[in-house]
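Asker: Here it is, the structure in full.
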Amino acid sequence: MKTKILILSTLLLVCLTQPVHAEHQMDEIPMYDGQHNPQITENKEFSENAAQLGWKYYYSGDYPTAIKRFNQAWMFNRNNPEAFWGFGLIMGARSKEENPKKNLNESIKFLEKADTLSKNNPRIMIDLAYSETVLGYFLKGTQKKGFQSHFDKAEILFKESKKLEKTYPLLYSNWSVLYFYEEKYIEAKEKLDIAKNLGFKPNPDYEKDLTTKLNISKNKIQK
């Protein structure tokens, strides 16, 4: 769909310059941190165009600008799954730099909302499964409990998404990561090989780590 450049009057927006948290401005927090202008009339076309811009900035790596556009998409249509999808991915990305547990839980919350609104979009399900996977891994390495339920949820989501879209490379690459974190290295290699056959180019460091773990595991079995 052709992206239209939106020029939104600042009169329509809430004040976006007031710091809400030390790290982020209000317009860089999903749904404006719960604040919005109630006088703004729903406009699904504006919402869709803003979401398209959000994806443009997201894929260029400009997350601060991307979330501003996803906020606009949400503002003009509170039930736009693209907005919640964008929120979920950006909060997941933030977890690498700050508040991993909090941001991963936020990521899961928004992706679950996007999944509900989109009615079984397999790619949203795959992203949700990945956030569950990463949260499980974080919990496994910190509090040592409660992690398995997140791994189990991820497994279910990967299986469900496979029923809907079998040839999406990220399904198998992300599934491989789940098995890697569960120390199921043979299964992880099988999923990664499927992803590669579908054109996916894995991170060399991940593939190297997986090969190392797989060899160690095989040597233990042989002994």
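Asker: So which residues in segment 133-164 are over 18 Å from the mean Cα position of the chain (by Cα) and surrounded by fewer than 17 Cβ atoms within 10 Å (Cβ to Cβ)?
Answerer: GLY141, THR142, GLN143, LYS144, LYS145, GLY146, GLN148, SER149, LYS163, LEU164
Asker: I want to confirm something. Restricting to segment 78-89 and keeping residues that are in a loop (DSSP other than H, G, I, E, B) and at pLDDT 95 or above, which single residue is surrounded by the fewest Cβ atoms within 10 Å (Cβ to Cβ)?
Answerer: The initial filter retains those residues of segment 78-89 that are in a loop (DSSP other than H, G, I, E, B), namely 78-80.
Those still in the list that are at pLDDT 95 or above too: 79-80.
On the way: ASN79: 13, ASN80: 23.
Per the criteria, the residue is ASN79.
Asker: Every residue in segment 41-80 that is of a type in the set (Lys, Arg) and under 18 Å from LEU117 (Cα atoms), please. Even if it seems obvious, please write down each step before you answer.
Answerer: In the first step, residues of segment 41-80 are kept if they are of a type in the set (Lys, Arg); the result is 44, 56, 68-69, 78.
Answer for segment 41-80, where residues must be of a type in the set (Lys, Arg) and under 18 Å from LEU117 (Cα atoms): LYS44, ARG78.
Asker: So which residues in segment 31-51 are in a helix (DSSP H, G or I) and more than 20 Å from MET125 (Cα to Cα), if there are any at all?
Answerer: Filtering segment 31-51 down to residues in a helix (DSSP H, G or I) leaves 31-34, 44-51.
The answer is MET31, TYR32, ASP33, GLY34, LYS44, GLU45, PHE46, SER47, GLU48, ASN49, ALA50.
Asker: Would you please list the contacts, defined by Cβ atoms under 9 Å and residues six or more apart or on different chains, that run from a residue in segment 182-203 that is of a type in the set (D, E, K, R) to a residue that is in a loop (DSSP other than H, G, I, E, B) and surrounded by 14 or more Cβ atoms within 10 Å (Cβ to Cβ)?
Answerer: LYS196/PRO202
Asker: Of everything in segment 37-62, what is in contact with a Leu (Cβ under 9 Å, 6 or more places away or on another chain) and surrounded by fewer than 20 Cβ atoms within 10 Å (Cβ to Cβ)? Give them in sequence order. Give the derivation first.
Answerer: Quick first cut of segment 37-62, residues in contact with a Leu (Cβ under 9 Å, 6 or more places away or on another chain) only: 37, 39-40, 46, 49-50, 53, 58.
ASN37, GLN39, ILE40, listed by residue number.
Asker: Restricting attention to segment 199-223, which residues are surrounded by fewer than 15 Cβ atoms within 10 Å (Cβ to Cβ) and either hydroxyl-bearing (Ser, Thr, Tyr) or not in a helix (DSSP H, G or I) (or both)? Break it down into steps so the answer makes sense when it comes.
Answerer: Initial filter on segment 199-223 (surrounded by fewer than 15 Cβ atoms within 10 Å (Cβ to Cβ)): 199, 201, 203-205, 208-209, 211-212, 215-223.
Residues satisfying the conditions are GLY199, LYS201, ASN203, THR211, THR212, SER217, LYS223.
Asker: ALA83: among the aliphatic types (A, V, I, L, M) and in contact with a Gly (Cβ under 6 Å, 6 or more places away or on another chain), yes or no?
Answerer: On the way: among the aliphatic types (A, V, I, L, M): yes; in contact with a Gly (Cβ under 6 Å, 6 or more places away or on another chain): no.
Taking the combined requirement at face value, the residue does not satisfy it.
The values are calculated or read from the model by the stated rules, or taken from the named source; none is laboratory data. All values reported here derive from a predicted model rather than from experimental measurement. So basically every Cβ, Gly included, is an ideal-geometry build from the backbone, and we count neighbours across all protein chains shown.
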